[in-house]
Amino acid sequence: MSIQIKNLYFRYNKELPLAIDNISFDINDGDFISIIGETGSGKSTLVQHLNGLLKATSEDSKILVDNENIYNKDYSITKLRYKVGLVFQYPEYQLFETDVLKDVMYGALNKGLKEDEAREEAKKALSLVGISEELYDSSPFDLSGGEKRRVSLAGILVMSPKYLVLDEPAAGLDPLGRKQIFNILHNLNNNGTTIILVSHSMQDVVTYSNRVIVLKNGKKHKDATPKEIFLNEKEMKEIGLSLPDQIKILNILKEKGFNVKTNLFSLDDVKREIEKCLEI
């Protein structure tokens, strides 16, 4: 089963150009897809359609989640939002309860679990994202940025989504916080959760994704593997995107006269290539 996006059009109002212009692609089970593009290219607008926060403005548009069209009159948007979880860029948008445990329990209670069951499921979700029990009674608004981000994620995971959509999940975090978030996402993906990521960090995109979708002016510009996307430096520049750091480093070494391969993406491979230069 999968998510199929067919001929998606969206316009915020009649006076503005199309924000999403005839986009079609499939998301396969187990994918870790990154959606990239310049600011204003339509990334956040696109992913907000996946769980019904925005609705296509054309009758020709379809979004099928596990073969069901979410625009059918009898389709339950509530059901959709349990299946497709969306984590916003700013965690404070999703935090509202008086303490961390209650905040995460909210989704489980709405799903119909009894209070004791919801509490246990919330604890499991918090454990999954590395939030310790000593924070359960804390106000979510007193947490650090990284902790807020992980509690927001737990609030979605408690509903057991099959598809997880994240809009800049590591924005503003320090390197440790970023690593913690992406370790969680990597483990979730390895255990079967399909990940759809919006990110400006090409480093994260190339490290974790198996597919990359590039948007430009509201249109799908390219859908390919990370290697196919990032080995075309000229095209990246034309669409206003930078190369991942490891590719930049290898290119600089090549320009300095070192005999290095510039088509490596794994950090371990890049490290070994740099070590070869140091041995000269």
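Just a few scattered comments:
- Count - residues of region 31-74 that are in contact (Cβ under 8 Å) with a residue 60 or more places away in the chain, charged (D, E, K, R) and assigned to a loop (DSSP other than H, G, I, E, B): 3
- Any hit, region 258-265, residues being open to solvent by 80 Å² or more (accessible area, probe 1.4 Å) and within 19 Å of G146 (Cβ to Cβ): no
- Restricting attention to region 15-30, the residues that are open to solvent by 80 Å² or more (accessible area, probe 1.4 Å) and touching a residue at least 40 places away in the same chain (Cβ under 8 Å) total 1.
- Filtered residues of region 129-138 (kept if in a loop (DSSP other than H, G, I, E, B) and either touching a Phe, Trp or Tyr at 6+ places or on another chain (Cβ under 7 Å) or surrounded by 14 or more Cβ atoms within 10 Å (Cβ to Cβ) (or both)): V129, G130, I131, Y136, S138
- Screening V151, V158, V212, V206 for residues that are β-branched (V, I, T), crowded, with 17+ Cβ neighbours inside 10 Å and under 12 Å from the mean Cα position of the chain (by Cα) leaves exactly one candidate, V212.
- Of the residues making up region 234-250, those that are under 14 Å from L264 (Cα atoms) and out of contact with any Ser or Thr (no Cβ under 6 Å at 6 or more places or on another chain) are L243, P244, D245, Q246, I247, K248, I249.
- Tally, over region 1-14, of residues that are farther than 18 Å from T194 by Cα and in contact (Cβ under 8 Å) with a residue 40 or more places away in the chain: 6
- Residues that are at pLDDT 95 or above and open to solvent by 20 Å² or more (accessible area, probe 1.4 Å), drawn from region 1-10: Q4, K6, N7, Y9
- When each of F96, F141 is tested for being open to solvent by 80 Å² or more (accessible area, probe 1.4 Å), hydrophobic (A, V, I, L, M, F, W, C) and outside any helix (DSSP H, G or I), the lone residue that passes is F96.
- In region 173-199, the qualifying residues are those that are out of contact with any Lys or Arg (no Cβ under 9 Å at 6 or more places or on another chain) and not in a helix (DSSP H, G or I), and the one that is surrounded by the fewest Cβ atoms within 10 Å (Cβ to Cβ) is N191.
- Qualifying residue in region 239-261 (condition: more than 28 Å from N183 (Cβ to Cβ) and touching a residue at least 60 places away in the same chain (Cβ under 8 Å)): yes
- Odd one out for E38, checked against (1) surrounded by 20 or more Cβ atoms within 10 Å (Cβ to Cβ); (2) under 25 Å from F182 (Cβ atoms): (1)
The values are calculated or read from the model by the stated rules, or taken from the named source; none is laboratory data. Not measured: the values here are computed from a predicted model. With ideal geometry, Cβ positions are generated from the backbone for all residues, glycine too; neighbour counts draw on all protein chains shown. Just so you know, the surface numbers come from the protein's heavy atoms only, side chains and all, with ligands and any DNA or RNA stripped out. Shrake-Rupley method; radii C 1.70, N 1.55, O 1.52, S 1.80 Å.
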